[in-house]
């Protein structure tokens, strides 16, 4: 039996392996560059004294902080790869206007990891990009439904609503269009897989998958899986 009913173990493990490789490479690169990058030297003094940490503790936390930036930029890609491995869905890869498509469901999607990944004018630009995909008569995706996916929502209530970001160029919001929508991660996973708790299933199985992959490298194990689960419950109300 596969670990998740909606995706093969091979595709699941490949998505996890890719993100772990990104994380490890980010840490190595930061370790090599930390003494060459310009840091906020005034902040260093107040961090060490205000947080009551040593020079070595500060250096370790700074390396993690810098590496985390790189990792965060790839979390959305992880979900894109994984969702693209579900039957009937295709991951279009990097460099396209959209990330995912399903010809059978007549759906396209742009996937971002968190509700605040994009803001301001970028949201209006995204709306226009999606509009250009689903509205013109000559478009491949004419009459498809386009989704802006926020895997981690601002609040734990679910939503699947018309996407109407503010647009400074028109002095108001983008026009309501039932074909251009904004959706949270749990709702989108449910739509793609047909399973209401698909995202919760994924999060629950990830520690096991990560440990299995890590046993051949650094041997990492999670000492307390309930620690991360509590944050999932806070974000999604599961």
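The values are calculated or read from the model by the stated rules, or taken from the named source; none is laboratory data. Keep in mind it's a predicted model, so treat the numbers as computed, not measured. Counting neighbours? That spans all protein chains shown, and the Cβs are built from the backbone with ideal geometry, glycine included.
Can you name the condition, by its number, that residue 73 falls short on among (1) under 21 Å from residue 21 (Cα atoms); (2) touching a strand residue (DSSP E or B) at 6+ places or on another chain (Cβ under 9 Å); (3) crowded, with 20+ Cβ neighbours inside 10 Å?
(3)
Is there a residue being in a helix (DSSP H, G or I) and more than 20 Å from the chain's Cα centre (by Cα) anywhere in the stretch 99-117? It would help to see each step written out before you state the result.
Applying the first criterion (in a helix (DSSP H, G or I)) to the stretch 99-117 yields none.
Looking for residues that are in a helix (DSSP H, G or I) and more than 20 Å from the chain's Cα centre (by Cα), one finds none in the stretch 99-117, hence no.
Can we say residue 176 is outside the structural domain of residue 72 (by TED's automatic domain parsing), assigned to a loop (DSSP other than H, G, I, E, B) and either out of contact with any helix residue (DSSP H, G or I) (no Cβ under 8 Å at 6 or more places or on another chain) or surrounded by 14 or more Cβ atoms within 10 Å (Cβ to Cβ) (or both)? Give the derivation first.
Working: outside the structural domain of residue 72 (by TED's automatic domain parsing): yes; assigned to a loop (DSSP other than H, G, I, E, B): yes; either out of contact with any helix residue (DSSP H, G or I) (no Cβ under 8 Å at 6 or more places or on another chain) or surrounded by 14 or more Cβ atoms within 10 Å (Cβ to Cβ) (or both): yes.
Against the criterion (outside the structural domain of residue 72 (by TED's automatic domain parsing), assigned to a loop (DSSP other than H, G, I, E, B) and either out of contact with any helix residue (DSSP H, G or I) (no Cβ under 8 Å at 6 or more places or on another chain) or surrounded by 14 or more Cβ atoms within 10 Å (Cβ to Cβ) (or both)), residue 176 qualifies.
Those residues that are part of a helix (DSSP H, G or I) and touching a helix residue (DSSP H, G or I) at 6+ places or on another chain (Cβ under 8 Å), I need them from the stretch 44-56; list them, please.
Taking the stretch 44-56 and keeping what is part of a helix (DSSP H, G or I), we get 44-50, 55-56.
Passing the criteria: 44, 47, 48, 55.
Could you tell me which residue of the stretch 78-94 is nearest to residue 7 (Cα to Cα), considering only residues that are out of contact with any helix residue (DSSP H, G or I) (no Cβ under 8 Å at 6 or more places or on another chain) and crowded, with 17+ Cβ neighbours inside 10 Å? Can you show your working first?
Initial filter on the stretch 78-94 (out of contact with any helix residue (DSSP H, G or I) (no Cβ under 8 Å at 6 or more places or on another chain)): 80, 84, 87-88, 90, 92-93.
Those still in the list that are crowded, with 17+ Cβ neighbours inside 10 Å too: 80, 84.
Values: 80: 13, 84: 10 Å.
In this case the residue turns out to be 84.
Against the definition (touching a strand residue (DSSP E or B) at 6+ places or on another chain (Cβ under 9 Å) and either over 30 Å from residue 195 (Cβ atoms) or modelled with pLDDT of 90 or more (or both)), how does residue 42 come out, yes or no? First the steps, then the outcome.
On the way: touching a strand residue (DSSP E or B) at 6+ places or on another chain (Cβ under 9 Å): no; either over 30 Å from residue 195 (Cβ atoms) or modelled with pLDDT of 90 or more (or both): yes.
In short, no.
Tell me, which helices (runs of 4 or more DSSP H) lie completely within the stretch 183-238 with 3 or more residues that are farther than 22 Å from residue 8 by Cβ and not assigned by TED's automatic domain parsing to the domain that holds residue 14?
Working: elements: 185-193, 198-214, 225-236.
Once the helices (runs of 4 or more DSSP H) in the stretch 183-238 are filtered for at least 3 residues that are farther than 22 Å from residue 8 by Cβ and not assigned by TED's automatic domain parsing to the domain that holds residue 14, what remains is 225-236.
What number goes with the only condition from (1) closer than 18 Å to residue 124 by Cα; (2) in a strand (DSSP E or B) that residue 151 does not pass?
Single failed check for residue 151: (1).
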